[in-house]
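**Student:** Here it is, the structure, as structure tokens.
Bear in mind these aren't lab numbers, they're just calculated from the coordinates by the rules spelled out. Source: prediction; values computed, not measured. Here Cβ is always computed from backbone atoms with ideal geometry, including for glycine, and neighbour counts include all displayed protein chains.
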Amino acid sequence: MTGIGQLAAQPLRAKRHGERSPTSIVFLVALWGALAFAVLCLMVLLVDSFLDGATRLDADLFTRYTSQVFPEKAGARAAIIGSAFVIAVTAILAIPLGIAAGVYLEEFADARRGYNKLIEVNISNLAAVPAIIYGMLTAGFALAIGLERRVVLAGGIALALLILPVVIIATREAIRSVPQEIRHGSLALGATPLQTVWRQTLPGAVPGIATGSILALSRALGEAAPLLLLGGLVFVNYDPDGLMSGFTTLPIQIFNWASQPQQAFQEVASAAIILMLVLLLIMNALAIVIRNRYQNRW
């Protein structure tokens, strides 16, 4: 007991060498300084974009097509509709497949099997792969099956591959949050494993799945690299009318306008940036509302 009392009386090492140590203070100051600098740069860019694009946040931005002759009248109608088409295809392709894969890996797959371990490792790695790699993969796939690269379907496939690992991981995390007691109770009452997943586990995991899926789609909305590699059009004066139609999206259109030397193009690019930021904020706010409103408190 004497030895235990002496150990208890000694101050903890973390207390003596924690946040008050010179090294910790220097690191903390550097960390907050880097964060403040990043936020300051972001605020400067946002303010600059707003000041340049505020005058172009009018009806022409939503109703007119882009123009190389009259940049002051250029609009983003084709890009807005094209983004809606591509994101819809992305959601249809990625979300059901991602949820099904997540459910299988979490509820039915045998973790001791070598191929299941390989799948899990690949999913974790694919979530960190640069977006342009998915564009290259889709371009090769389109070439192999004879699909035109500059169409809505190809763009949707590329973005679906991009967000698929994110949807799978979000689904697995949401399913893990459902208590095991609910599964055990359902199985004890005579339900099959599939019925338990369909009627108990998935409904309880819906808020987490929906939140992860919306955030994944918001990431896809802001991607331009894979679509540019696929040959996404930068000058479109028509609305896409199907899966095999040519398209452009807001990030591609912004990239095109920002690369032009005329001040009018810079202004409309800033207006389109503001529009895209508003859309991203709405999608992120929707994800937060769904999580807070429908998340179960077990």
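**Student:** Would you calculate the separation in nanometres between label points at Ser21 and Asn292, each defined as 7 Å from the Cα along the Cα-to-beta-carbon direction?
**Tutor:** Between Ser21 and Asn292, the label points sit 3.9 nm apart.
**Student:** Magnitude of the Cβ-charge dipole of the chain, K/R +1 and D/E -1, about the Cα centre, nearest 20 debye?
**Tutor:** On the way: 21 positive and 17 negative charges, 228 e Å.
That gives a dipole near 1100 debye.
**Student:** Under the 0.36 nm per residue contour assumption, what length would be gained going from the current alpha-carbon distance of Ala30 and Leu137 to full extension? Let's see the in-between values first.
**Tutor:** Numbers: separation 107, 0.36 × 107 = 38.52 nm, distance 4.00 nm.
34.5 nm is the gain from fully extending Ala30 to Leu137.
**Student:** Run the paramagnetic zone check for Glu72: 7 angstrom along Cα to Cβ, then residues of region 247-273 with backbone nitrogen under 15 Å.
**Tutor:** 262-268
**Student:** Here's another thing I want to ask about it. If I model a spin label as a point 7 Å beyond the Cα along the Cα-Cβ vector, how far apart are those points for Leu243 and Leu40 in nm?
**Tutor:** 5.1
**Student:** R0 = 51 Å: FRET efficiency of Thr55 with Ala128, Cβ-based, nearest 0.05?
**Tutor:** Numbers: r = 40 Å, r/R0 = 0.78.
That pair, Thr55 with Ala128, gives E of 0.80.
**Student:** Continuing with the same structure: Rounded to whole Å, give me the distance from the Cα center of region 151-228 to that of region 234-257.
**Tutor:** Using only Cα atoms to place each centre, the spacing works out to 29 Å.
**Student:** Sort region 149-213 into rounded, prolate or oblate with this rule: let a ≥ b ≥ c be the square roots of the eigenvalues of the Cα gyration tensor; rounded if a/c is under 1.5, and if a/c is not under 1.5, prolate when a/b is larger than b/c, oblate otherwise. Walk me through the numbers before you get to the answer.
**Tutor:** Details: a/c = 4.26, a/b = 2.68, b/c = 1.59.
Cα axes put region 149-213 in the prolate bin.
**Student:** Let me ask something additional. Based on the Cβ-Cβ distance from Asp110 to Gln195, what FRET efficiency comes out when R0 is 22 Å, to the nearest 0.05?
**Tutor:** On the way: r = 20 Å, r/R0 = 0.92.
Calculated value: 0.60.
**Student:** Same structure again: How high is the FRET efficiency from Leu280 to Ala188, r the C-beta distance, R0 41 Å, rounded to 0.05?
**Tutor:** On the way: r = 45 Å, r/R0 = 1.09.
Efficiency, from the Cβ-Cβ distance: 0.35.
**Student:** Also, quick follow-up: Name the chymotrypsin sites (Phe, Trp or Tyr not before Pro) in region 189-273 that are in a loop by DSSP and that have at most 15 other C-beta atoms within 10 Å, would you? All intermediate terms of the calculation are to be shown ahead of the outcome.
**Tutor:** Values: sites: Trp198, Phe235, Tyr238, Phe247, Phe255, Trp257, Phe265; in loops: Phe235, Tyr238, Phe247.
Hits after loop and neighbour filter: Phe235, Tyr238.
**Student:** How would you rank 209-220, 32-43, 279-290, highest first, on the average number of other Cβ atoms within 10 Å across their residues? Let's see the in-between values first.
**Tutor:** Numbers: 209-220: 22.1, 32-43: 10.0, 279-290: 14.6.
By packing density, highest mean first, the sequence is 209-220, 279-290, 32-43.
**Student:** Taking a temperature of 37 °C and a viscosity of 0.692 mPa s, what whole-number D in µm²/s does Stokes-Einstein yield for region 67-138 with Rh from Kirkwood over alpha carbon pairs? Please list the in-between numbers first.
**Tutor:** Values: Rh = 15.7 Å.
This corresponds to a translational diffusion coefficient of 209 µm²/s.
**Student:** Also: Roughly how tilted is helix 152-176, in degrees to the nearest 10 and between 0 and 90, from the longest Cα axis of the chain?
**Tutor:** For 152-176 against the chain, the angle is about 20 degrees.
**Student:** Test of understanding: express the Cα radius of gyration of region 59-294 as a ratio to 2.2 N^0.38 Å, with N the residue count. Before the final figure, lay out each step's value.
**Tutor:** Working: Rg = 20.6 Å, N = 236, 2.2 N^0.38 = 17.5 Å.
So region 59-294 has a normalised radius of gyration of 1.17.
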